[in-house]
1. Hey, what D do you get for the stretch 132-232 in µm²/s if you plug the Kirkwood alpha-carbon radius into Stokes-Einstein at 4 °C and 1.567 mPa s?
2. Which ³J(HN,Hα) values in Hz, rounded to whole numbers, follow from the phi angles of the stretch 28-42 under the Karplus curve 6.51 cos²θ - 1.76 cosθ + 1.60, where θ = phi - 60° and Gly and Pro get x?
3. Ignoring ligands, DNA and RNA, what percent of the accessible area of the chain is carbon or sulfur (1.4 Å)?
4. From Cα coordinates alone, what are the radius of gyration and Dmax values for the chain in angstrom?
5. If you take the C-alpha gyration tensor of the stretch 9-128, multiply each eigenvalue by 5 and take the square root, what semi-axes do you get, largest first, in whole Å?
6. What FRET efficiency comes out for the pair Ala235/Phe158, r = Cβ-Cβ distance, R0 = 25 Å, nearest 0.05?
7. Over the stretch 132-232, average the accessible area per residue using a 1.4 Å probe and give it in Å², no decimals.
8. Would you mind getting me the FRET efficiency between Arg79 and Glu50? Use the beta-carbon distance for r and R0 = 22 Å, nearest 0.05.
Amino acid sequence: MGSTDEQPFILIAEDEPNIASFAKMYLEAAGFRVDVAERGDDALESIAAERPDLLLLDLNLPGVDGFEVTRRIRQGDARAMPILMLTARDDAVDKVVGLELGADDYVTKPFDPRELVARVRAVLRRSDGRADAAGDDDMPPVLEVDDLRIEVGPREVFVKGDAVALTPKEFDLLTALVQARGLVLSREQLLEKVWGYTFLGDSRTIDVHVRQLRRKLGDTCPIETVWGTGYKVPARR
Ligand code: CA
């Protein structure tokens with residue numbers, strides 16, 4: 001706490017001091033306010049007390065691990081807070097599980113500090129847009145596809161009138177595809193629309209989120225795979 005409100009506040013949950021101080025140094029140099037928690041339970045306390053704008057989260061943490069931290073955040077009052085995971089280079093399983101639990105994106109260790117700052121900015125930019133979505137002229141407040149109803153302003157999704165809990169990125173991805181109804185969007189286009197970048201994008205991120213949407217929405221999920229191209233919501237179903 002303490003510095004100006006205009007500086008976004010980032011909490012780093014990381015128990016390896018070298019990595020935590022390296023990330024902190026570069027993020028502070030990029031204009032962010034940064035705090036570090038070395039344990040998962042400490043991170044959860046800090047989130048409840050201070051509401052960071054973004055959490056940079058190591059998965060292998062003492063106390064409460066990063067998967068459980070993600071799960072608790074997504075079920076709690078801070079559920080809309082963006083989460084950027086820190087993962088080991090080759091651990092594809094960790095990445096997929098973390099994204100399925102509701103992390104927004106990941107950065108692989110050891111990371112290039114410029115990549116870290118770019119990803120933090122991209123995730124924050126997209127989450128800022130959430131608050132403005134209701135006033136966006138080209139976005140109708142309610143989108144419907146058969147039994148699926150998306151209320152863009154409050155960011156709520158209903159299947160046959162029942163609310164379905166989506167992560168922020170699942171919501172953005174579904175909304176982007178429904179808005180582009182009838183058009184095929186490539187994974188690169190979706191990364192740019194939903195995550196805010198293409199140059200570092202990993203198309204697997206899109207596939208994981210589509211799979212989660214299909215699991216949560218069942219037969220009502222309107223997203224179709226277009227092999228070799230991307231995804232679409234057909235104009236007619
Ligand atoms: Ca660790």
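1. 94 µm²/s
2. For the stretch 28-42, the Karplus-derived couplings read 5, 5, 8, x, 9, 8, 9, 10, 10, 10, 9, 10, x, 5, 5 Hz, x marking Gly and Pro.
3. Numbers: 5330 of 11520 Å².
In the chain, the share of accessible area belonging to carbon and sulfur is 46 percent.
4. 17.7, 54
5. Listed largest to smallest, the semi-axes of the stretch 9-128 are 18, 16, 15 Å.
6. E(calc), rounded to 0.05, equals 0.70.
7. Working: 4970 Å² over 101 residues.
Spelled out: the 1.4 Å probe surface of the stretch 132-232, per residue, equals 49 Å².
8. Values: r = 16 Å, r/R0 = 0.72.
Once rounded, the FRET efficiency stands at 0.85.
The values are calculated or read from the model by the stated rules, or taken from the named source; none is laboratory data. All figures in this text were calculated on a predicted structure; none of them were measured in a lab. Glycine also receives a Cβ, built like all others from the backbone with ideal geometry; neighbour counts cover every protein chain displayed. For accessibility, only protein heavy atoms count, side chains too; no ligands or nucleic acids. Shrake-Rupley method; radii C 1.70, N 1.55, O 1.52, S 1.80 Å.
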